[in-house]
Amino acid sequence: MSYNAILLKKRPEIRITPDVFEKVSQPMPSLADGEFLVKQTHMSLDPAMRGWMSADKDSYIPPVELGEVMRSSGIGDVVESRHPDFPVGTRVMGMMGWTEYFVARGGLSPVPTTVPQEALLSVVALPGVTAYHGLYEVLKPQAGQTLVVTGAAGSVGSMVGQLAKLEGVTVIGVAGSEEKCRWLTETLGFDAALNYHDENFAEQLAAATPKGIDLFFENTGGAAQAAIYHRMNAHGRVAVCGMIADYNTATPQPGPNWMNIVRKRLMIQGFTMPDHYHRFAEYGQKLAELLMGGKLKYRAHTLHGLDSAIDGINLLFTGENKGKLIVEL
């Protein structure tokens with residue numbers, strides 16, 4: 001008996017093309033004492049994967065080595081076990097990679113079988129904990145403030161906005177289509193949502209933020225960044241989570257001039273979640289409580305079959321995904 005996995009075969013030059021990957025058949029493993037076998041059911045596709053494919057060793061996490069299974073987080077069920085803490089039937093979540101089966105000795109977290117896998121990956125997993133940390137630990141919101149979040153219809157941005165609304169913050173979302181903007185306001189309750197493709201985006205932003213901007217959660221870079229940056233209030237705070245607009249470009253766009261940092265005494269902080277693994281359980285518990293209490297909404301864009309990840313990952317960079325991008329195996 002065998003199973004399929006997808007390896008990183010070469011580094012992408014700019015766009016992620018199918019020849020970057022290689023699908024292989026692996027023999028089913030025999031377990032040693034202390035090991036357990038997981039059948040992965042749902043696999044997460046995230047923008048950070050583009051960086052993991054690069055050769056850059058001077059980053060927050062080592063790159064995937066050529067010939068290794070492509071890195072990703074996911075959810076699966078224990079189907080065979082020689083580990084006392086992970087009996088057969090346990091549902092687990094964590095880093096498993098692009099593979100149908102995964103052998104572990106630990107490093108995965110048990111999760112309830114009563115919560116749908118898509119909900120766990122959309123809210124309680126990496127997107128949710130990233131949003132939670134960036135909002136509460138970096139931006140430190142206060143009621144009455146105004147927050148702008150880019151990539152607002154994405155898995156992180158949508159959580160940021162909803163959490164901020166719970167704190168009494170005015171939330172302006174920036175997204176790339178009218179449909180996404182309607183979802184943000186009509187379903188998630190954002191105060192306004194703006195399409196950065198609109199020629200008069202800067203004027204719309206000014207109208208939506210008459211008191212200026214106190215908090216900026218940056219996921220994308222690109223066209224919207226300068227206009228938001230220049231509307232920041234004195235002592236404003238900026239959490240830099242991602243620059244997805246530059247991930248598939250040969251030359252990143254120049255950032256805005258630093259003069260406004262001095263004039264407005266801005267705090268700008270980049271962050272990545274591997275620095276904060278020790279808080280994942282804490283954040284996950286709080287997010288799960290909010291989810292089960294009906295205070296957080298999500299939508300998932302689900303692909304089917306391991307092979308769908310090869311082309312599907314590019315949906316993240318074209319903006320064609322609608323919600324958290326997941327592969328159901």
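Laid out as a table, the results:
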quantity: 2 or more residues closer than 30 Å to VAL20 by Cα: qualifying helices (runs of 4 or more DSSP H) within segment 263-329; calculated: 308-312, 315-318
quantity: Exclusive hit being surrounded by fewer than 19 Cβ atoms within 10 Å (Cβ to Cβ), modelled with pLDDT of 95 or more and out of contact with any strand residue (DSSP E or B) (no Cβ under 6 Å at 6 or more places or on another chain), set ALA223, ALA281, ALA206, ALA227; calculated: ALA206
quantity: Residue in segment 183-190 that is without any contact (Cβ under 8 Å) to a residue 40 or more places away in the chain, surrounded by 14 or more Cβ atoms within 10 Å (Cβ to Cβ), out of contact with any helix residue (DSSP H, G or I) (no Cβ under 8 Å at 6 or more places or on another chain) and polar (S, T, N, Q) present; calculated: yes
quantity: Test: VAL138 is assigned to a helix (DSSP H, G or I), of a type in the set (Val, Ile, Thr) and on the phi < 0 side of the Ramachandran plot; calculated: yes
quantity: Pairs with Cβ under 9 Å, 6+ apart, first in segment 94-118 and more than 18 Å from ASP46 (Cα to Cα), second of a type in the set (Val, Ile, Thr) and surrounded by fewer than 19 Cβ atoms within 10 Å (Cβ to Cβ); calculated: TYR101/VAL79; PHE102/VAL69
quantity: Residues within segment 1-25 that are hydrophobic (A, V, I, L, M, F, W, C) and under 18 Å from ALA55 (Cα atoms), tallied; calculated: 6
quantity: Subset of segment 232-245 [closer than 15 Å to TYR196 by Cα and in contact (Cβ under 8 Å) with a residue 40 or more places away in the chain]; calculated: ILE244
quantity: Which listed residue is among the hydrophobic types (A, V, I, L, M, F, W, C), within 20 Å of LEU45 (Cα to Cα) and surrounded by 14 or more Cβ atoms within 10 Å (Cβ to Cβ), from ILE261, ILE244; calculated: ILE244
quantity: Residue ranges of strands (runs of 3 or more DSSP E) in segment 159-239 with at least 1 members within 16 Å of LEU139 (Cβ to Cβ) and among the β-branched types (Val, Ile, Thr); calculated: 170-175, 213-218
quantity: Restricting segment 209-220 to residues that are closer than 14 Å to MET267 by Cα and not hydrophobic (A, V, I, L, M, F, W, C), the residue that is surrounded by the most Cβ atoms within 10 Å (Cβ to Cβ); calculated: GLU218
quantity: Of the criteria (1) among the β-branched types (Val, Ile, Thr); (2) in contact (Cβ under 8 Å) with a residue 60 or more places away in the chain; (3) not in a strand (DSSP E or B), which one VAL148 fails; calculated: (3)
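The values are calculated or read from the model by the stated rules, or taken from the named source; none is laboratory data. Quick caveat, the model's predicted, so the values are computed rather than measured. A quick note on method: Cβ atoms are made from the backbone with ideal geometry, for glycine too, and the neighbour counts reach across all protein chains shown.
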